[in-house]
Structure formats: C-alpha cells, structure tokens
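Trainee: Supplied in structure tokens, the structure appears directly below.
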Amino acid sequence: MPFLLRPLLPLLALLMLALPAPAFAQDAEAAPPAYSTLADVLEDEAARRALIEDLRRLAAPSVEEAAETAAAPDPSLARQIATMTKGIAEQVIVQAQGVWTGLIEMFNGGGRGLAQLSEWAANLAIVIATVLVLFFVLRRAVRPAYARADRWVMAQQEGERRWVHRIIAIGGTALLDLVVVLVAWVGGYVLALTWLGTAGRMGTAQSLFLNAFLIIEIVKLGMRGLFASRYQGLRILPLPAEDAAVWNILLARLVGLIGYGMLFVSPVVTAQISWGAGRAVAVLVMLLAFLYALTGILAKRKRVRDALTVRAENARSGFTGAAIRLLARTWHVFAILYFAALALVTIVRPGDALPFMASATFQTLAAIAGGFVAYAILERLIMLGVRVPEETRRRLPQLERRLNTYIPTGLRVVRTVVVVLVLALIAAAWEVWDVAAWMASERGSVMLSAAIDIAVIIVLAAAVWIAVASWVEHRLSPETGTGEPGAREKTLLAIFRNAFSIVLITMTAMIVMSEMGIDIGPLIAGAGVLGLAIGFGSQKLVQDIITGVFIQLENAINTGDVVTVGGISGTVEKLTIRSIGIRDLAGSYHIIPFSSVDLVTNFMRDFAFHVGEYGIAYRENVDDAIERLKEAFEELRANPDNAPLILDDLEVSGVVALADSSVNIRVRIKTAPGSQWAIGRAYNKLVKQHFDAAGIEIPFPHMTLYFGQDKNGSAPPVPLPQPMLQGKAAE
C-alpha cells in the first residue's frame, strides 16, 4: 500500500492543507475518506519518510529555477512578465486537468456520490423556497413605500432642494430594502435551526445558501439604488428608465449566477462529491458568466457609445469631453477584460478567486467613486474660477485675471494627478502593480519626494510672482491713494517686473531640474562661459545695457515722452534695458540702441515754452504790434481748453532782429510739458486775426523786375510772348 500511495502523497497532503476543516466539521455527514488515507500514511514509517522527502522536494526550487535566480537576482520587466505568463499557463493546464478529473468523478459517482444528495435535498429545498418566498412577499409589501418616496422626490423642483430630498429618499429606501433582506435571511436561519435542524445545528449546504443569499442580495440592493428602473426619483445614475431596466436585469443575472454558483453550488459539490468536481462546477459557472456578459456587452455596445457621445458633447470642459469620448470608444473592451479576468482568476487561483475578485472589484469601484467625486469638485472649481472683492478689483484690476490663469491651471494638474492616482489604485487592487511596495522602495520614495518638492517649488514660485506683479500693479494704479505714478516710476517698475520674471523663471527651472536629478553644475558653468564669451564678443550689447541703466537712473527718458534721440524725434513707445522705440510724426517706428545715444533731448520735462517770432513791416508801429500780441494771448488764455495748459503770463522779449524786410518781435508762452505745440498753433492763428483786424502788415518776400536801360537812358522794349500780344489786341 505505501508503494501504491507514494505518488499521491504530496497531492493528498496539499489537499488536506488547502481544504478548510471547519467547513467539514459543520456537516453532520461522515468525514471524507482522505482523512483516513492520510492517517494510514502517517502510521506507516516508510510511507511517512517518503511523504517528508516528497514535500521537501516540492518545496525546494529546481536546479533550473535556482540557476535563473542566481543569475538574475533582480530580473528585468521582460523576465518578470515571462515568469508570470509561464506560471499562469502552468496553472491553467493543472486546473484544466483537475476540472476534467472532477467532471469524470462527478458523473461516475466519485466521492460521496450523487445518490447521497437525496438525504438533505428536501430540507435544502424547503429552506430555499421559504427564503425566496418570504423575500418576494416582503418586497411586494414595501413597494408602495418606494412609490411614495419617488413621488415625493419628483414633486420637488430641480436644484439643490431636489438633490437633498433624493439623498434622503434613496437612503431610506435602501435601509428598508436591507431590512427586507435581513428578515428573509433571519427567517431562513430560524427555519433551518428549529424545524429542520438537529439540536440547534444546520447542514453546511443550508448555511452556504443563506450566506450566499445575504451577500448577493446586498450587492443587488446597491444595484437597485444605482438603476431603480421603476422609480426615476430614486435612480442614482442619470439613465433613461429603459436603459436602467436593461442593465439592472443583465447585472442582476450575472451577480446571481456568479454568486450562487461560486458561494453555494461549487462548495456543496466539493463537500458532497469531490474537490475536483467542485472546481469543475466553478469553472463552468465562470465560463457561462463570461459568455453571458460578453453577449450582453456586445449587444449594448453601440447604445452605450451613443449615449456617452451625447454626454461628451454636452460636457463643460474639453478634458472631460475627451475622456468621455475615449470611454465611449473603449468601454466594452474594459468590460470584456473584467469578466475575462474573473474567469481566468477562477482557473489560476481556485482557492481565493471569488474573494480576490470581490476585493479587487470593491477597491476599483471605491477608487473610481472617490476619483469621480474629486474630479467633479475640481471641475466645478475650475468652472467657477476665482472672484475677488470689488474694492480689490478696483485697486488691482489684473489680479483676478492673473489668479484665473494660475489657479485653474494648477487645479487641472491636480485633476490629472487624481486620474493617475485612481489608475494606480486600480492597478494595485488587481495586483498588477504594488503601489505600496513601490512607494516604500528607494526609487519610489525618491521619485515621490521629488514630485512633491517640484510641486511645492512651482506653487511657491507662482505665489511669489503673483505677489510681486500685484505689488507693481498696486504701485502703478492711481487708485492706491498715492495718485497717478510718474512716468519714471512706470518705466522703472515695468523694467523691474520684466527682469524679475526672467530671474524667477530661471531660478525655478534650475531648482526643478536639480530636484529631477539633473546635474545643474555643468549648466551653471556653461552659462558662465557663455556669458564671458558674450561679454567679449558683444561689447556693444554690454554698452547698450550699461548706458540704458544710467539713462533710467537719471530719469532721462520715460515712455510717452517726446524726445530727440540719435537724430530721430518722436514719441517714446517702448523702453527696455537695451534700446528705445520711437514713433515719429510720419508714423515710422525706430529702434535705437542706447550705445548709439550721445544726446537726449526731452521735450516733456516739468514745463515747456512756445517761442514765437512775428515780423511786421518797417512802417508799422512796434508798440501797437506788441499790444495786438498781448490781446491775442488774452483771448488764447480765455479759452477753457487752453487755460489749464498755460502756466504763466506772456513774456515779450521785444524786437530781436531788424531783418531785410521785417522787424521781428519775440514772445514766449510757458505751457505744460508736451502742450507747447498745440498752444503755439492756436496762438499763431489768433495773432494773424488780430494783425489783420488792426491793419498791421506781416511782410512777406516781394520780387521786383528790372529790365535795365542803355547808355542814352532809354529802356529796351519788353519781350512779350506772342500769345500775350494776341490777347492784348483782342481787348
């Protein structure tokens, strides 16, 4: 006997270790024959030694595996994938052989045999029928409460008030549904322990069914809350009633098939017939569930895609719309992969397939739900934007725009991080990637710490920039209480803001690269060498900058001034540390480097003068002409548009020149800076009017024709053109 049992010893030992003893202890039936066989093996000395040797051989790695482990203590990703697929393939083959053997045993009456099921089948049928009848009767009794809750919700108007009523109604009906499930479950337990049990004990099959019923109906309870096909007010998902009913039926059937098959039928077959037969039932249940799910998914593929596409078109955010469109095109792939994974895990991990899938599914749904809530909150914050008080907006008109540029961008980054975190949690739930182990590893901790440091650095840099830019804007705003800033202050603050932004961006980029592990030492050294090369090769540029700095420090030029620089006169439109941009009277734009500036003439400093010289004929009275000039000035100052621009009385310098044909009188009018040209034009017009009214001649050039004379004093004839003679004759 030991010789015949020796090949089966490892399998028997592993089977005894894998099967839970309490499950068999609950049943009043006889213990499986494997216990007596194992006892016989342990009593025989030779068989016991053989069992120990086989177990040690199975526990020790093979020579090939040991060589691979020694050669590659830290295998690459490709080798890990190859090892994993190899293990999966081997497990599939082993489980397939076990399923085939179990099917043969089940149909050949292996183990306890099918005939023994008749001893407890009647009691089990009574428990099942009682629980189901009690459950459906109670469900029918509480249905009016669901209808009243639905009408109560739908009677409310759209908005936050309806959502509050809906949450209360959904919570109340879910609690009522849970009470119905618990009452039916407790009723089945009471029936099994009092009427059908012996001395307060029940059979394993009855306990398995009751537990499976409780778990499955609680899952269906959540599904009924999500879909609620008959009650729109109690439906969590925004689906039409028809779609909700279809998905509720499809998922309820899948939950019932997988739940009762894996939690009830397969354990019962395992206990009553054999472990292989139970495995065969489990595999068949999962294959049927996969085929049913595949059929339903493919049938609803286009319908779901169209519904998601419509929702994507109505999305408020482009990112959300793109994500929904991607989900519309690929949702069926994820659904098929999920059920395929469920079937594959059942084959590869028969011991904990259903607990693993339940845990992974729960963690996935929890991660998706949490991510959805966080995503919705972030999306809402992005859409709302930032609002500052009216007083702050008046003082800092650009602050709100600046905040609505940086904060929504940061929230979008956080939104992306939330999506990545959800994907990582899903991968950890399915044991694709151990997030906790990666975070505990040296590489993971370094990368995570660097990512947090980079985020903090960027946030601080953005906050510093907002503070500095707001301070500059505060100084430039006339609403701050200090009045309108001067042109010099405007220019210097604008240059400071540009220079600070360049310095801040450079420093932030260097610190971020340092946190990413990039050695910035060569970059700094290269920048120094490059700066030295530029200093030698671009002396003109250095001269531009140095000259520009001193020009700004001396307040020689400001934006908006009318100047003459480098022989070009015009209005200063742009002023940098290196050059000046001037728009001349013809509209041409000139850029003049400061190294080319030898002389700066600024017409806009403190005040200006209109200097005018007016010539009168020699026969005119000078004093009378000066009186007319004064009258013209008084009329000029009486104009309300010109009066604010005139800073002093008329200055009459007197006669400044006795020219060839005129006596020149100079006057000067003190004006506000930049107003001398407009005041001069208006004053010239009035001078002409007053001179004309007084009959004062303003001389202009005359030409005298002299035809000469001969020695006798007679003048030669005037040569006239023939057309002129003909015209004279006609007269």
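The values are calculated or read from the model by the stated rules, or taken from the named source; none is laboratory data. A quick note: this is a predicted structure, and the numbers were derived from the prediction, not measured. Cβ: placed from backbone, ideal geometry, glycine included. Neighbour counts: every protein chain shown. Calculation scope for accessible area: heavy atoms of the full protein, side chains included, ligands and nucleic acids excluded. Shrake-Rupley method; radii C 1.70, N 1.55, O 1.52, S 1.80 Å.
Trainee: Using a 1.4 Å probe, what is the accessible area per residue for segment 169-266, in Å²?
Mentor: Computed with neighbouring chains in place, this is 44 Å² per residue.
Trainee: Please tell me the relative contact order of segment 645-692 in percent, rounded to the nearest whole number, where contacts are Cα pairs under 8 Å and at least six residues apart.
Mentor: 34
Trainee: Please compute the Cα-Cα pair-distance distribution of segment 206-296 with 5 Å bins starting at 0, giving whole percents from short to long.
Mentor: Computed distribution, short to long bins: 3, 15, 19, 18, 17, 12, 8, 5, 3, 1.
Trainee: Also: Please give the net charge around Ile616, taking every other residue with its beta carbon less than 10 angstrom from that of Ile616, where Lys and Arg add +1 and Asp and Glu add -1.
Mentor: Overall, the nearby charge balance is -1.
Trainee: Still on this structure, please answer the following. Determine the share of segment 226-367's accessible area contributed by carbon and sulfur atoms, expressed in whole percent, with a 1.4 angstrom probe.
Mentor: 70
Trainee: Right, next: Convert each backbone phi in segment 423-439 into a coupling constant with the Karplus relation 6.51 cos²θ - 1.76 cosθ + 1.60 (shift: θ = phi - 60°), then list the ³J(HN,Hα) values in order as whole Hz, x for Gly and Pro.
Mentor: Result, ordered by residue: 4, 5, 5, 5, 4, 5, 4, 8, 6, 7, 8, 7, 5, 4, 5, 5, 5 Hz.
Trainee: Can I ask one more? At R0 = 41 Å, how high is the FRET efficiency between Glu400 and Ala525 if r is their beta carbon distance? Nearest 0.05 is fine.
Mentor: Efficiency for this residue pair is about 0.45.
Trainee: Provide the three semi-axes, in whole Å and in decreasing order, of the ellipsoid equivalent to segment 365-468 as defined by the square roots of 5 times the Cα gyration tensor eigenvalues.
Mentor: The three semi-axes for segment 365-468 are 34, 19, 7 Å.
Trainee: Okay, moving on. By the gyration tensor of its Cα atoms, with a ≥ b ≥ c the square roots of the eigenvalues, what is the shape of segment 336-414: rounded for a/c under 1.5, prolate for a/b over b/c, or oblate?
Mentor: prolate
Trainee: For Leu647, enumerate residues with amide H under 5 Å from its amide H, sequence gap 5+ or separate chain, H modeled in the peptide plane.
Mentor: Amide H neighbours of Leu647: Lys670, Thr671, Ala672.
Trainee: Between Arg443 and Val333, what is the label-point separation in nm under the 7 Å Cα-to-beta-carbon projection?
Mentor: Once both label points are built, they end up 2.6 nm from each other.
Trainee: Additional query: Tell me the relative contact order for segment 248-295 as a rounded percent, counting alpha carbon contacts under 8 Å between residues six or more apart.
Mentor: With pairs under 8 Å counted, the relative contact order is 39 percent.
Trainee: What are the ³J(HN,Hα) couplings of segment 331-345, residue after residue, when phi is run through the Karplus curve with 6.51, -1.76, 1.60 and θ = phi - 60°? Round to Hz, x for glycine and proline.
Mentor: Result, ordered by residue: 4, 5, 5, 5, 5, 5, 4, 4, 6, 5, 5, 4, 5, 5, 5 Hz.
Trainee: In vacuo Debye scattering of segment 561-693, one point per C-alpha: log10 I(q)/I(0) at q = 0.10, 0.14, 0.20 Å⁻¹?
Mentor: Listed by q, the Debye log ratios stand at -0.45, -0.74, -1.05.
Trainee: With a 10 Å radius around each residue's Cβ, average the other Cβ atoms per peptide and rank 259-267, 444-452, highest first.
Mentor: So the order, starting with the most tightly packed, is 259-267, 444-452.
Trainee: Got a sec to turn the phi values of segment 205-215 into Karplus ³J(HN,Hα) couplings, 6.51 cos²θ - 1.76 cosθ + 1.60 with θ = phi - 60°, whole Hz, x for Gly and Pro?
Mentor: The phi angles translate into 4, 5, 5, 4, 5, 5, 5, 5, 4, 4, 5 Hz.
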